[in-house]
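Since the structure comes first, as structure tokens, the remarks are kept for the end.
The values are calculated or read from the model by the stated rules, or taken from the named source; none is laboratory data. Fair warning: this is a prediction, and the values are worked out from it, not measured in the lab. Positions of Cβ are generated from backbone atoms using ideal geometry, with glycine treated the same way; all protein chains shown enter the neighbour counts.
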Amino acid sequence: MPIKKPGPQLGKSVGLKTAKAQMKKKGGRTLDFGLNLTPMIDMFVVLTLFLLMTFSTSGEILFIQKEIVLPKASQGTELKQAPVVIIGTGQVVIEGKSIGRIEDISEDENYEISNLSEQLNNLKRNFQQLHANQKFPADIIIQGDREITFRVLKKVMFTCTSAGYVNIHFAVLPTGRRNAPGAEGAAPAAAPAAPPAATQ
């Protein structure tokens, strides 16, 4: 039996240098793996729907601005989710959008505030598009400072009723609680209001 020289050896059909070159080529390849995002997106959609269905509106849904001092009331009901009209700090605001200055609204001869009416109609259309099978609740919350003039308040109420928001509620500070009315910890309540007369 012939004696072979020790060292790395390979089969007779494939040379050692050729095999090393092929191994180097294969090792240098880059493999791309695609991540399937469909299951993850489905999971997030299910979680979002679950959170929306279990969301409770019984908590604090009204942010009271520091510059506004709400009136006090001995009787009231819990606030419900509804558009909020803020009258104070020199201007009228609905859902974060400024409608106009209180002085200009007070001096205007028209009782219907055109900018406010337009925003209310937009909110009403959006609700009807998103909730086609539900009846329009016609609720609205007025958060007004206790020092505002009745003329401005009546114009806001008249505009709300003209746009179809007939269930008007005032944000008030309930009395008879452990924390004094007007304090920062007092939770606001809603006091129903009768629609104003259409006559000027």
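Across segment 87-117, what is the number of residues that are exposed (fewer than 13 other Cβ atoms within 10 Å of the Cβ), among the charged types (D, E, K, R) and farther than 15 Å from GLN143 by Cβ?
Selection size over segment 87-117: 5.
Taking PHE127 as the residue in question, decide whether it is modelled with pLDDT of 90 or more and among the aromatic types (Phe, Trp, Tyr).
In short, no.
If the requirement is being basic (Lys, Arg) and at pLDDT below 80, which of these qualifies: LYS80, LYS72, LYS97?
LYS80
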